[in-house]
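Each remark here refers to the structure printed beneath this line.
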Amino acid sequence: MGKYKFIISGGGTGGHIFPALSIADGLRFRYPDSEILFVGAEGKMEMEKFPLWYRITGLPVAGFHRGEIWRNIMFLPKLIRSLMKARKVVKEFRPDAVVGVGDM
């Protein structure tokens with residue numbers, strides 16, 4: 001078996017983080033030489049809860065607030081920065097597969 005590279009993205013709550021960790025552990029068991037990179041949101045739970053044996057990088061993402069429109073002032077700039085950083089992460093890491101966990 002060759003060395004594979006995987007990106008796993010998602011987080012925000014334990015309902016997303018723990019399935020992501022289970023997927024990573026399964027991939028690591030199946031492909032022990034694989035490289036796994038987590039991509040999550042800066043300042044969120046996943047940035048401090050992921051075990052030290054997995055690499056993680058954060059994106060400056062922000063949610064869209066329907067009720068409080070004034071809170072969306074930074075939404076567009078953060079979205080643009082997140083897209084640019086995500087593109088850079090994928091381009092530099094060159095994954096064989098990407099797995100997303102969370103809501104759609």
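Odds and ends about this structure:
- Across region 5-43, the number of residues qualifying as over 11 Å from the mean Cα position of the chain (by Cα) and at pLDDT below 85 comes to 5.
- Subset of region 64-95 that is loosely packed, with under 14 Cβ neighbours inside 10 Å and in contact (Cβ under 8 Å) with a residue 12 or more places away in the chain - its residue that is farthest from the chain's Cα centre (by Cα): M74
- Hey, L52 open to solvent by 60 Å² or more (accessible area, probe 1.4 Å), without any contact (Cβ under 8 Å) to a residue 60 or more places away in the chain and assigned to a helix (DSSP H, G or I) or not: no
The values are calculated or read from the model by the stated rules, or taken from the named source; none is laboratory data. Note that the structure is predicted; figures quoted are calculated from it, not measured. Here the Cβ is made from the backbone with ideal geometry for all residues, glycine too, and neighbour counts use every protein chain on show. What goes into the accessible areas is simple: the full protein's heavy atoms, side chains included, and nothing from ligands, DNA or RNA. Shrake-Rupley method; radii C 1.70, N 1.55, O 1.52, S 1.80 Å.
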